[in-house]
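Take a look at the structure below.
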Amino acid sequence: MKKTSLMLVVIMALWGCATFSHTYKLGTESALNKDWDKAVELYEKAYAENPKNSVYRMALQRAKVSASLFHLYAARRLASSDQKEEALKEYEKSLAYHYSRLVADEVKSLSEGPLPGEKPKEIHIEPPVKLNVGSEPIELRFRQQTSLRSIFQALGKSAGINIIFDEQFRDISYAIDLTNKTFEQAVRILCLATKNFFSIIDEQTIIVVPDQPAKRIQYELTAVKTFYLSNILAADIQGILSQILRSQYKAPVIMIDKNLNSVTVRDAPAILELAEKILRVWDKPKGEVVIDVEIMEASRTKLRQLGLDIDPHTVGIAYTSEEEGGGQSLGGLNFSNANNFQVTLPAAFFDFLESDSDTKIIAQPRLRGLDGEEISYVVGDEVPIPRTTFQPIATGGFGSQPLTSFDYKNVGLDIKITPKIHLEGDVTLEVEIKIKSLGEAGYADIPIITTREVKNVIRLKDGETNLLAGLLKDEERKTMRGIAGIKSIPILGSLFSNTNQTIQQSEVILTITPYIIRPFKISDFDSEPIWVNLYTSPSAAAAGAMRMPQEGLLDEEMRRARMLQERQQVSSQTGANTISLNPGNFEVPQGREFRISINLRSQEEIYNMSLNLSFNPSVLNLKQVAAGGFVRREGLDSSFLQNIDNASGACTIAFSSPDITKGVKGTGGIATLVFEAKEKGESQVMVNSIVAIDTTGKSVVFESQDARVVVR
């Protein structure tokens, strides 16, 4: 008796461990009904009863997160409809279930009011040397034509700044009004209007230089700065950043470090400031979503078998005898004896079978992922499917040797979703859902795999639920078997026949709901344009040592000064037809890119022209030849040809007029040569030969001017 009682106690204990408590089952029902508050309450009771059960703990954690999201979106809906008090209560419930810094910030913003957008810190790279000059306005007005050098010197004297000039500075006559301008504004306006720029030598000295690419390279300040990125990959933006920062005459030096995910830029301070502004706009955290997918599949099978089930074998008669041995002699056959015969009759059974089975499959995965990144969720098994091939036993024989291999097929749930968050608060989902299950056995007992697949692209609002697919299948089969002839007789046939009726019903419903938990934020300052080269000429993409203030565009005085300077400029002296290289003499650091323009001045119409140039290939490397403004203006792009041979240091450029009866003439740039300074040394860029003819076939003579480049 004691042993029996002990056994019952052990069995009850094992039974209790093998099943879930009633409280847990009620909590699961509440979770399926999305009554998250009730589910959390019941799961907490179940977990308190059995704290060691990991299933209870995971269910409780999932229910708390779901309840937090449920109250969070309820709070957001109430806040959007100006129900502040109700929204705050929902926020409190959400934070009670699961604390989130993002939700706490929303509560603070709702209770205290939205905070004004904080203006980002202004990006400014201070030069190592700055001018020591006051901000008092200058009262200088030059109404009559005055030497430009004298105007600069007068400015320097009034501000106590020493102004020196580059050797290629061109002194012209000029008139300008510089009243109510600071020294920096006055120098900047005067330089811009006369196509010069200035660079700081020390606190009391500046140098005024012609605004030319070679001079920019020679005098501009260069700095190196490293930017550490947090959200984007440095390798992805290197090329785009190089294109944006590229100036008219050079490209910045940009290096990346994949390990630190950093970008290092070497260029002028203004270019570094521009790079930092661009990277600050680009380096934004991606949005994040939570996607609730609910898959419900219900199937029901009814089977009914009623009636007389007769063995399908026919009636049989067999002859037997009492002779021993494996055979029967013909002489011993005796068909008159009835005992020598056996008759086999079919068996008959009465079936009264009826079965009813229900199957329900519910999956509720919750997926969390980043904007633009694929989310993959796979749950299931790999089922081996045999595959038999026949190979010959010997070479040249028939395929008679069976070889069996196995292909593993995934059976279960396969979900792939790629979310895209829009600024309007919508979410676009690229959805691919596959549900595979084992069906009935097919040929050679190989299982049949049933597949349900949905592939679609949908756009939903935040928190909107969409029905992806609903499939209802109703199939009924009825089979009647019995004795031939008799089963067709009314009433009597039903007594000697068997009826099998099978009814199969299945339904699949897929729903999907996206929730934005981390939106992609763009501030008002991110939408503002980044002004580039407000106070510099087009060739001066890299500003000088003095930073240009960003308060506004060119004022009216600067525009009038530029218009006056353009009216004062006279056209170049007419002379012979010439091909010149500009700049003609300059220095460049090793490893830098620079450009040389090929300019044409022709007094006669040219039908076609070809130039042969040469350079030192051990010092320079010609990377590109781009068509100049003259070629584009005259419509010669289609006939513009160029050939580069860096091995021998040669280049050929040619073009022809599109109209055989009319040539082209005038002044402008034929091409721009983009060089790279390979090694230290000196190289002449020379025009070796010029072949040009007019529309009548007559040769046109040109004079040429070469260029000299020193790589240091």
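In table form, for the structure just shown:
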read-out: Lone qualifier among Leu611, Leu600 - being out of contact with any Gly (no Cβ under 8 Å at 6 or more places or on another chain), modelled with pLDDT of 85 or more and of a type in the set (A, V, I, L, M, F, W, C); value: Leu611
read-out: Selection status of Phe183, in contact with a Cys (Cβ under 7 Å, 6 or more places away or on another chain) and modelled with pLDDT of 85 or more; value: no
read-out: Residue under evaluation Gly681, criteria (1) surrounded by 17 or more Cβ atoms within 10 Å (Cβ to Cβ); (2) modelled with pLDDT of 85 or more; (3) under 47 Å from the mean Cα position of the chain (by Cα), criterion not met; value: (1)
read-out: Within segment 170-187, tally of residues that are under 20 Å from Gln204 (Cα atoms) and in contact with a strand residue (DSSP E or B) (Cβ under 8 Å, 6 or more places away or on another chain); value: 5
read-out: Hey, Ile164 surrounded by fewer than 21 Cβ atoms within 10 Å (Cβ to Cβ) and assigned to a strand (DSSP E or B) or not; value: yes
read-out: Contacts under 7 angstrom Cβ, first residue in segment 18-43 being farther than 12 Å from Ala63 by Cβ, partner small (Gly, Ala, Ser), 6 or more apart; value: Ser21/Ala46; Thr23/Ala46
read-out: Residue that is nearest to Leu131 (Cα to Cα) [pool: residues in segment 167-184 that are among the polar types (S, T, N, Q) and assigned to a loop (DSSP other than H, G, I, E, B)]; value: Thr182
read-out: Which numbered condition Lys258 fails, given (1) among the charged types (D, E, K, R); (2) surrounded by fewer than 14 Cβ atoms within 10 Å (Cβ to Cβ); (3) touching a Pro at 6+ places or on another chain (Cβ under 8 Å); value: (3)
read-out: Single match in Lys225, Lys130, Lys157, Lys181 (criterion: of a type in the set (Lys, Arg) and within 26 Å of Val588 (Cβ to Cβ)); value: Lys225
read-out: Residue under evaluation Pro617, criteria (1) closer than 16 Å to Glu593 by Cα; (2) within 42 Å of the chain's Cα centre (by Cα); (3) in a strand (DSSP E or B), criterion not met; value: (3)
read-out: Residue count, segment 68-108 (criterion: among the polar types (S, T, N, Q) and farther than 17 Å from Lys34 by Cβ); value: 4
read-out: Segment 220-244 - residue that is hydrophobic (A, V, I, L, M, F, W, C) and over 14 Å from Glu273 (Cβ atoms) and, of those, most open to solvent (accessible area, probe 1.4 Å); value: Leu233
read-out: Count - residues of segment 505-526 that are open to solvent by 60 Å² or more (accessible area, probe 1.4 Å), at pLDDT 75 or above and either among the polar types (S, T, N, Q) or touching an Asp or Glu at 6+ places or on another chain (Cβ under 7 Å) (or both); value: 2
read-out: Residue within segment 273-283 that is small (Gly, Ala, Ser) and open to solvent by 10 Å² or more (accessible area, probe 1.4 Å) present; value: no
read-out: Qualifying residue in segment 218-240 (condition: touching a residue at least 24 places away in the same chain (Cβ under 8 Å) and within 23 Å of Ile151 (Cβ to Cβ)); value: yes
read-out: Residues being over 46 Å from the mean Cα position of the chain (by Cα), closer than 24 Å to Arg266 by Cα, touching a residue at least 60 places away in the same chain (Cβ under 8 Å) and open to solvent by less than 50 Å² (accessible area, probe 1.4 Å) - total across segment 172-217; value: 1
read-out: Every residue from segment 620-653 that is charged (D, E, K, R) and not in a strand (DSSP E or B); value: Arg632, Arg633, Glu634, Asp637
read-out: Some residue of segment 631-643 being in contact (Cβ under 8 Å) with a residue 40 or more places away in the chain and under 25 Å from Ala707 (Cα atoms); value: yes
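Every residue, every condition in (1) in a strand (DSSP E or B); (2) more than 19 Å from Asn577 (Cα to Cα); (3) modelled with pLDDT under 90, yes or no:
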residue: Ala671; (1), (2), (3): yes, no, yes
residue: Val685; (1), (2), (3): yes, yes, yes
residue: Ser689; (1), (2), (3): yes, no, yes
residue: Ala692; (1), (2), (3): yes, no, yes
residue: Thr695; (1), (2), (3): no, no, yes
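The values are calculated or read from the model by the stated rules, or taken from the named source; none is laboratory data. Quantities reported herein were computed from a predicted structural model and do not represent experimental measurements. Note that each Cβ is placed from the backbone with ideal geometry, even for glycine, and that neighbours are counted across all protein chains shown. To get the accessible areas, we keep the full protein, side chains included, count just its heavy atoms, and leave off ligands, DNA and RNA. Shrake-Rupley method; radii C 1.70, N 1.55, O 1.52, S 1.80 Å.
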